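Just below is one structure, and these are the notes that go with it.
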Amino acid sequence: AQSVTQLDSHVSVSEGTPVLLRCNYSSSYSPSLFWYVQHPNKGLQLLLKYTSAATLVKGINGFEAEFKKSETSFHLTKPSAHMSDAAEYFCVVSDLPGAQKLVFGQGTRLTINP
Amino acid sequence: DSGVTQTPKHLITATGQRVTLRCSPRSGDLSVYWYQQSLDQGLQFLIQYYNGEERAKGNILERFSAQQFPDLHSELNLSSLELGDSALYFCASSPRLASYEQYFGPGTRLTVT
């Protein structure tokens, strides 16, 4: 079964500094990977997705992620944090190639300090 | 706004009761997915319907059931409710049977007392 592990349950950065949210995956095939964001009392929004095209994926709001097969990682980064980035972030893998079921990591809560 | 709507927003009920959660997918989307988000289990896939038929099943309890109607809206029925069923229930939709991108609704927060 496919799985993802988010290495930090909570990350705190200062506004204007870089953000790094770490994710490792386990998959027996070439996976589809995603990052979703959940703002307080809101639904989930897709930030970006990797589906075996370019390994560096750019998403919305200045976020990007790099797929590294050798390290089985899909870390999320942003050069400069903004207060509005404070939210819960989920690393997600699809259950089977092109399949329906999404498997979520436990989430990383990102806090931005002024 | 994803275009997926869920009602009600909040639901408070007692143990042993039955509730129905409703989801309207984005216009044109044929697939509907249900997820449960709880503090101890995190976000878990429950079930998927595509064009009225059940297509994938996850960690859904036997006390829970779902259906998708001809107009493509979906309902999740939860019965014999227990305290542990308190959670946020999300619905998501996508255009096709197997789609990389799912659009999530705002969720229904269920509290069982």
task = Could you look through region B:32-65, keep only residues that are at pLDDT 90 or above and part of a loop (DSSP other than H, G, I, E, B), and pick out the one that is farthest from the other protein chains (Cβ to nearest Cβ)?
result = B:Arg63
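Got a number for residues in region A:11-48 being among the basic types (Lys, Arg) and without any contact (Cβ under 8 Å) to a residue 24 or more places away in the chain?
Counting residues in region A:11-48 that are among the basic types (Lys, Arg) and without any contact (Cβ under 8 Å) to a residue 24 or more places away in the chain gives 1.
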note = In region B:43-65, residues that are buried (at least 16 other Cβ atoms within 10 Å of the Cβ) and within 23 Å of A:Gln2 (Cβ to Cβ) total 12
Residues within region B:75-113 that are away from every other protein chain (no Cβ under 14 Å), part of a strand (DSSP E or B) and buried (at least 16 other Cβ atoms within 10 Å of the Cβ), tallied = 5
ask   = Can you name the residue in region B:16-31 that is hydrophobic (A, V, I, L, M, F, W, C) and in a strand (DSSP E or B) and is also nearest to the other protein chains (Cβ to nearest Cβ) among such residues?
value = B:Cys23
message = Regarding region B:20-28, can at least one residue be identified that is free of Cβ contacts under 8 Å to residues at least 12 places away in the same chain, more than 21 Å from A:Gln38 (Cα to Cα) and loosely packed, with under 13 Cβ neighbours inside 10 Å?
response = no
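If you take the residues in region A:18-35 that are in contact with a strand residue (DSSP E or B) (Cβ under 9 Å, 6 or more places away or on another chain) and surrounded by fewer than 18 Cβ atoms within 10 Å (Cβ to Cβ), which one is farthest from A:Thr77 (Cα to Cα)?
A:Ser26
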key: Filtered residues of region B:1-27 (kept if in contact with a Leu (Cβ under 9 Å, 6 or more places away or on another chain) and at positive phi)   = B:Gly16
query = Can you find even one residue in region A:95-108 that is assigned to a strand (DSSP E or B), away from every other protein chain (no Cβ under 14 Å) and over 19 Å from B:Gln102 (Cα atoms)?
reply = no
message = Going by what's in this entry, would A:Gln38 be described as at pLDDT 90 or above, buried (at least 20 other Cβ atoms within 10 Å of the Cβ) and within 11 Å of chain B (Cβ to nearest Cβ)?
response = yes
query = Just checking, how many residues over region A:75-94 are in contact with a Pro (Cβ under 9 Å, 6 or more places away or on another chain) and within 14 Å of chain B (Cβ to nearest Cβ)?
reply = 4
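Restricting the search to region A:49-83, which residues are among the aliphatic types (A, V, I, L, M), within 21 Å of B:Gln102 (Cβ to Cβ) and touching a residue at least 24 places away in the same chain (Cβ under 8 Å)?
Across region A:49-83, the qualifying residues are A:Ala65, A:Leu76.
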request  = Output the number of the condition that A:Val57 fails; it satisfies all remaining conditions of (1) away from every other protein chain (no Cβ under 14 Å); (2) outside any loop (DSSP other than H, G, I, E, B); (3) buried (at least 17 other Cβ atoms within 10 Å of the Cβ).
outcome  = (1)
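The values are calculated or read from the model by the stated rules, or taken from the named source; none is laboratory data. These numbers were taken from a predicted model, which means no experiment stands behind them. Note: ideal-geometry Cβ built from the backbone for every residue, glycine included; neighbour counts use all protein chains shown.
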